[in-house]
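To keep things clear, I will list the structure first and then write my remarks on it.
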Amino acid sequence: MTEPQLQTETAARPADDATRIVYCRCAYAQVVPVAVKDAVLAGLAAAGRGFEMVPDLCEMAARRDPHLAELARGDRPLRIVACWPRAVQGLFTLADAPLPKQGVEILNMRTDTAETVLAGVLAAPEGAGS
């Protein structure tokens, strides 16, 4: 799979999901196994849920992309599919856009299986009814 252009992309899915999902393609550091990245991306696309794909959170933080601040101050729960949670939190802090203490979940494609990540990212938000 080829790496995306340096811009954010929003999948063509309904935008009424309660939780905002951001998927990092990790285009530069190459620290996430390609098979896991590809399987998670395919699973997100097949799920029919809205999500946003960003090429690389590290690169965005390095250039202090204002989109990170917009994500951090969002008005709904946020799930970030990337790598180490502490690293992702640090990236947002580096970009002067610290993530809030609550309402954010970071799923780790570097250490978890695609199945585990997909189960976490597609789970119903806490407090949602069945």
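Just so it is clear, none of the values below were taken in a lab; they were calculated from the coordinates. Keep in mind the model is a prediction, meaning the values are calculated, not measured. As a convention, Cβ positions derive from the backbone with ideal geometry for all residues, glycine included, and neighbour counts pool all protein chains shown.
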Need the full-extension length gain, T116 to T93, defined as separation in residues times 0.36 nm minus the C-alpha distance. One decimal, nm. 5.6 nm
Answer in debye to the nearest 20: the dipole magnitude of the range 9-122 about its Cα centre, from +1 Lys/Arg and -1 Asp/Glu charges placed on Cβ, is 180 debye
Give me the percent of DSSP beta bridges within the range 9-122 that run antiparallel, rounded to the nearest 5. 15 percent
Report the calculated FRET efficiency for A35 and R76 (r = Cβ-Cβ distance, R0 = 30 Å), to the nearest 0.05. 0.45
Considering only the other residues whose Cβ falls under 13 Å of the Cβ of C58, what net charge follows from Lys and Arg at +1 and Asp and Glu at -1? +1
Along the charge dipole of the range 77-130, which of A119, F92, Q102 sits closest to the positive end, that is, farthest toward it, with unit charges on the beta carbon of Lys, Arg, Asp and Glu (+1, +1, -1, -1)? F92
Determine the shape class of the range 9-122: with a ≥ b ≥ c the square roots of the Cα gyration tensor eigenvalues, call it rounded for a/c under 1.5, and otherwise prolate if a/b is greater than b/c, oblate otherwise. oblate
